[in-house]
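J.: Handing you a structure now.
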Amino acid sequence: MITHKQHQREPTSKELFKNRTMTIQGLQNAPRDSAFIAVNTEHVAITSEKDHILHQVGLAYFQTPRQQGSTSLSTSQPCLQDFYVKNQIQALTLNINISMPARRSHRFGQEQQVGIGNLEAAIIDFIKSCNNKAHLLLIGFEMAAEWAYLPRFSPQAISFFLAWVDLRDIAKDITSSVRVIPGLTSLLQIFGYHWKDIQPGKKNLHGCMTDNDGDDAVATCALANALLFSENHEKLRFRQECGQIAHIFTRKKGS
């Protein structure tokens, strides 16, 4: 898998890698007419865990709200469907035409079958269908896989983005924590989403069920939105502090 340092030298990605946003201040200072496009990929092992094939790509467009840092959150429990409708999210799940495990049916947006040779055109068509006047920020969560596949299968799409953000970096900056940052689902739970609203689908009779990347892209947009609220910063810091205390207590007990 190509490293970030290699992407900094690759012609297709080096310009975008110069504009990586890793702090909450940088995210909050994005241009006022900026918008997020979340990208999520799903791959499966062929012969081993080191041998994968891409089988699904999820995209979601979210016009970023302004002045979130000083805005009070609603006291009601957030819901992905409400977030999707209220913010007029555009979402697309691209299923690549290969034999693969059963896919979880999509909840949001459109679903489309594509050949691997048509994947780039489908991604670019989605980007162009969104507000092309906005400054587009590429977002994701733990984006190693996305950066492995985007330059390979959709290099031209990279040129549409002003900057890119791995939301794990933002959560790490907010907490200034040395502890492991929770995953996407766990972070959304910390910010009030119910696990039944965001959990992956159940496995089928053969024990196989993949996530739906279009839905995960919508969840990524919801996380980006949540991270803009200062109230959520306190929740995340408290969660990490509790984890640190529990770790210290467990270590002392076992010594």
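Only the coordinates and a few stated rules stand behind these numbers; no lab work does. Everything numeric here is computed off the predicted structure, so don't read it as measured data.
J.: Between the alpha-carbon centers of the stretch 8-36 and the stretch 116-189, tell me the distance in whole angstrom.
T.: Measuring centre to centre over Cα atoms gives 10 Å.
J.: Now a separate question. Beyond 27 Å between alpha-carbons counts as too far, so tell me which of K18/K235; K86/K235; K18/K196; K5/K172; K5/K196; K18/K128 fall in that bin.
T.: K18/K235; K18/K196; K5/K196
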